[in-house]
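Okay, so here's the structure we're looking at.
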Amino acid sequence: MAQTNIMTWNLGKYGPNEHLATQVQYVQFVASVMQYTGTNLIGFCGIYAGLAEAFSTALINELDNRDRQPDKWRAQASPQLGLGRNEQYCFVWNSEKFLPSKTSLTDYFQYDFPLPFDSKNIFGFPRVHTKSQDMPPYLGYFQLLDAATTKYLAVVLFHAPAWDGDSGRTIGLACDTIPLVPAFQQGDGLLLMGTFNVPIDDNVDTPNSNGAWAFNNLAGPKGPYQQLTQNVPNRLATNASVAMSMEEALVQTADNLFFRKTSELKGFSCTNMGVANIFDHVFNTYNTSTDKWMTAPLGPPLANLERLIADADDVLALPDGSYAKLEDAFRAYRGLVSAYLPIGFTLTY
């Protein structure tokens, strides 16, 4: 059986400030996270000002250079979506594992989804993106190149509307639409991932929970999808606190993973679902078997990003690039990278 690691990451609001001031170091940090987690396909949202192409091109060049293999990594960005919102999605993938493919419904990638009996009009999630700020999902259709038999995986990115305080009504309406879209019934398996903005308790199986209100028709008993992550906080607190704990840093659920239930019949299984907790890997650790300190794998790339912005006296990282306190790493990441941590899983097929 083949395996691959897949991730989704909301960059918060990657725009001109990040692009102009920190592009190289920002991209190097993202590449370091992908490399450390062994990610072969990642979907981004939260990119603005038409910068998805520039960001993804820089990222695949960085990954190619690290792997010393030209054209190993590929990318595809969506147009700017949402009326007045102008947000972009972006896929980045390892071309040795994934090959974009075309079907009668999907021309490799897709963001407009025609109504089944009215092809001149499109689905809204819940409103049509050309007439509102609501984002449509972004679909990539891939052949899995290392599968023992020919298999196709549809991957759908989605940035849902904000939680509106009315039992997530708009999110629920958006999620109710997803099972109706013919393009999402393609392939041997389908992964739906992204930022759904459903606060704790987001478990669809908990009666009267936020998750039950928002996801019932999507992933409830009669829904076509299985919810892979429940009550896994990945949205960060607004500010750091002294002697910050991980529970104080990760305060709310935002991102979710769903897999079409029929995928299991085609030989797919999902494991290791959860947050890629970057903060666990910014501290030096002591290896008792070798009696040596081990360098933090993600500390130096985060510190390099911090040093680009902060005055020398204000850098929170230690000279070797590691961090001594969670609140110091939190301030650097929250201020310079995103208000979200990525989430991911391992797909076996």
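The values are calculated or read from the model by the stated rules, or taken from the named source; none is laboratory data. These figures come from a predicted structure and were not determined experimentally. Every residue, glycine as well, gets a Cβ built from its backbone with ideal geometry; the counts of neighbours run over all protein chains shown.
The condition of being among the aliphatic types (A, V, I, L, M), out of contact with any Ser or Thr (no Cβ under 8 Å at 6 or more places or on another chain) and at pLDDT below 95 holds for only one of LEU265, LEU192, LEU250, LEU218, that being LEU265.
Checked against the criterion of being touching a Pro at 6+ places or on another chain (Cβ under 6 Å), modelled with pLDDT of 95 or more and either part of a strand (DSSP E or B) or of a type in the set (S, T, N, Q) (or both), the candidates SER32, SER56 yield just one match: SER32. Here is a check on your reading of the model: is ALA317 part of a loop (DSSP other than H, G, I, E, B), among the aliphatic types (A, V, I, L, M), under 30 Å from LYS97 (Cα atoms) and free of Cβ contacts under 8 Å to residues at least 40 places away in the same chain? So ALA317 does not fit the description; no.
Contact annotation: residue pairs with Cβ atoms under 9 Å, 6 or more positions apart or on different chains, pairing a residue in the range 257-280 that is over 25 Å from GLN143 (Cα atoms) with a partner that is aliphatic (A, V, I, L, M) and in a strand (DSSP E or B), are VAL275/LEU250; VAL275/ILE343; ALA276/MET7; ALA276/ILE343; ASN277/LEU250; PHE279/LEU250. Remark: pairs (first residue in the range 169-185, in contact (Cβ under 8 Å) with a residue 24 or more places away in the chain and more than 17 Å from PHE117 (Cβ to Cβ); second residue polar (S, T, N, Q) and part of a helix (DSSP H, G or I); Cβ separation under 7 Å; 6+ apart in sequence or on different chains) = CYS175/ASN217; ASP176/ASN217. The sole residue among SER245, SER263, SER322, SER289 that is within 30 Å of GLN185 (Cα to Cα) and small (Gly, Ala, Ser) is SER263. Restricting ALA183, ALA162 to residues that are modelled with pLDDT of 95 or more, of a type in the set (Gly, Ala, Ser) and outside any strand (DSSP E or B) narrows the list to ALA183.
In this structure, does ALA339 turn out to be crowded, with 17+ Cβ neighbours inside 10 Å and touching an Asp or Glu at 6+ places or on another chain (Cβ under 8 Å)? No: the conditions fail for ALA339. State whether one or more residues within the range 275-286 are surrounded by 15 or more Cβ atoms within 10 Å (Cβ to Cβ), closer than 21 Å to LEU190 by Cα and not acidic (Asp, Glu). The answer is yes, given that some residue of the range 275-286 is surrounded by 15 or more Cβ atoms within 10 Å (Cβ to Cβ), closer than 21 Å to LEU190 by Cα and not acidic (Asp, Glu).
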